[in-house]
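Novice: Have a look at the structure that comes next, please.
The values are calculated or read from the model by the stated rules, or taken from the named source; none is laboratory data. Just so it is clear, the model here is predicted, and its values are computed rather than measured. Cβ coordinates were reconstructed from backbone atoms using ideal geometry, including for glycine residues, and neighbour counts include every protein chain displayed. Only protein heavy atoms, including side chains, enter the accessible area calculation; ligands, DNA and RNA are left aside. Shrake-Rupley method; radii C 1.70, N 1.55, O 1.52, S 1.80 Å.
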Amino acid sequence: MILLPTIFSPIIQYVAIANSNEIVFENEDNYQKQTYRNRYYIYGPNGKQLLNIPIIHNKDKGYLKTKDVLIDKSYSWQKLHIKSLQTSYRSSPYFEFYEDELLNLINNKFKYLIDLNIQSFQLILDFLQLDLPYEKTNEYHLEYDNTIDFRNLVNAKSKSEYSFKNYTQVFDNKFGFISNLSILDLIFNEGPNALEYLENHKKLLF
């Protein structure tokens, strides 16, 4: 299965991951805006909330490969993300069990966005207690004949809707159930049950 590495991917991408035997991450594509490469959505006190990783945009007209995208360190994005996550999830059942490792990752001074994304993937696998090998592509192909291609899941503007079963969320008494948020939302609210939840939604993609 081939995927694009994203930051704290939406739940549907982890449905694909949890129901796969091996992951191949696209490493040679051109960077595109408005994708989950550098953004994720959480359930905040005011509803669906976007958290964004600032990047240094390519100023010339040439294409920039995703693997070459630099994180813009002139912004204190880590403080905003940590504060938002703590405000949103400190009262969730399992946040305290994952908080230290999550904050250590966010506070790490990554240079390249793709390194942060791969490390976030590995951290989520640890949280899910999921042992899954992965590798990176060495060249770009528009299409693959013998590989399930889920690179389209990176599109944050996709109109696709998925019928996820409701689980309890911190602010659902205010705004109801919000589907397909960051995998963090599922983990903080469901803890050890998160992996089974992902496995049970296999039919949404396969």
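Novice: Being modelled with pLDDT of 95 or more and part of a loop (DSSP other than H, G, I, E, B) is the requirement here; does S179 meet it?
Specialist: Values: modelled with pLDDT of 95 or more: yes; part of a loop (DSSP other than H, G, I, E, B): yes.
When the stated conditions are applied, S179 passes them.
Novice: Filter the range 145-156 down to the residues that are in a loop (DSSP other than H, G, I, E, B) and among the polar types (S, T, N, Q), then identify the one that is most open to solvent (accessible area, probe 1.4 Å).
Specialist: Filtering the range 145-156 down to residues in a loop (DSSP other than H, G, I, E, B) leaves 145-148, 150, 156.
Checking which are among the polar types (S, T, N, Q) leaves us with 146-147.
Numbers: N146: 153, T147: 48 Å².
In this case the residue turns out to be N146.
Novice: Scan (1) closer than 21 Å to R39 by Cα; (2) part of a helix (DSSP H, G or I) for the single condition Y162 breaks and write down its number.
Specialist: The one condition Y162 does not meet is (2).
Novice: Taking the criterion of being over 16 Å from the mean Cα position of the chain (by Cα), more than 13 Å from S182 (Cβ to Cβ), at pLDDT 95 or above and not acidic (D, E), would at least one residue in the range 57-66 satisfy it? Break it down stepwise before answering.
Specialist: Of the range 57-66, the ones over 16 Å from the mean Cα position of the chain (by Cα) are 57-65.
From what's left, more than 13 Å from S182 (Cβ to Cβ): 57-65.
Filter once more, so that each one left must be at pLDDT 95 or above: none.
So far as the range 57-66 goes, no, none of its residues is over 16 Å from the mean Cα position of the chain (by Cα), more than 13 Å from S182 (Cβ to Cβ), at pLDDT 95 or above and not acidic (D, E).
Novice: Mind checking whether some residue in the range 157-167 is buried (at least 17 other Cβ atoms within 10 Å of the Cβ), over 20 Å from P5 (Cα atoms) and in contact (Cβ under 8 Å) with a residue 40 or more places away in the chain? Please lay out each step first, then the result.
Specialist: Filtering the range 157-167 down to residues buried (at least 17 other Cβ atoms within 10 Å of the Cβ) leaves 164.
Now drop any that are not over 20 Å from P5 (Cα atoms), which leaves 164.
Okay, now just the ones that are also in contact (Cβ under 8 Å) with a residue 40 or more places away in the chain, so 164.
Looking for residues that are buried (at least 17 other Cβ atoms within 10 Å of the Cβ), over 20 Å from P5 (Cα atoms) and in contact (Cβ under 8 Å) with a residue 40 or more places away in the chain, one finds at least one in the range 157-167, hence yes.
Novice: Still on this structure, I have one more. Return a yes/no flag: does the range 175-188 have any residue that is more than 25 Å from L80 (Cβ to Cβ) and open to solvent by 40 Å² or more (accessible area, probe 1.4 Å).
Specialist: Taking the range 175-188 first, the residues more than 25 Å from L80 (Cβ to Cβ) are 176-177.
In the following step, the residues that additionally are open to solvent by 40 Å² or more (accessible area, probe 1.4 Å) were identified as 177.
Checking the range 175-188: at least one residue is more than 25 Å from L80 (Cβ to Cβ) and open to solvent by 40 Å² or more (accessible area, probe 1.4 Å).
Novice: I would also like to ask the following. Sort out for me the helices (runs of 4 or more DSSP H) sitting completely within the range 1-116 that have 3 or more residues that are more than 26 Å from N200 (Cα to Cα) and open to solvent by 20 Å² or more (accessible area, probe 1.4 Å).
Specialist: Working: elements: 11-18, 77-89, 95-107.
Hits in the range 1-116: 77-89, 95-107.
Novice: I124 is checked against (1) exposed (fewer than 15 other Cβ atoms within 10 Å of the Cβ); (2) of a type in the set (V, I, T); (3) outside any loop (DSSP other than H, G, I, E, B) and fails just one. What number does that condition carry?
Specialist: Single failed check for I124: (1).
Novice: Something else: Of the numbered conditions (1) under 17 Å from the mean Cα position of the chain (by Cα); (2) over 30 Å from V69 (Cα atoms); (3) of a type in the set (S, T, N, Q), Q129 satisfies every one except a single condition; which is it?
Specialist: (2)
Novice: For the range 131-140, state whether one or more residues are of a type in the set (A, V, I, L, M, F, W, C) and either over 15 Å from A16 (Cβ atoms) or surrounded by 15 or more Cβ atoms within 10 Å (Cβ to Cβ) (or both). Walk me through how you get there before you give the answer.
Specialist: Our first condition is that a residue be of a type in the set (A, V, I, L, M, F, W, C); within the range 131-140, this holds for 132.
Of the ones still in play, those that are also either over 15 Å from A16 (Cβ atoms) or surrounded by 15 or more Cβ atoms within 10 Å (Cβ to Cβ) (or both) are none.
So far as the range 131-140 goes, no, none of its residues is of a type in the set (A, V, I, L, M, F, W, C) and either over 15 Å from A16 (Cβ atoms) or surrounded by 15 or more Cβ atoms within 10 Å (Cβ to Cβ) (or both).
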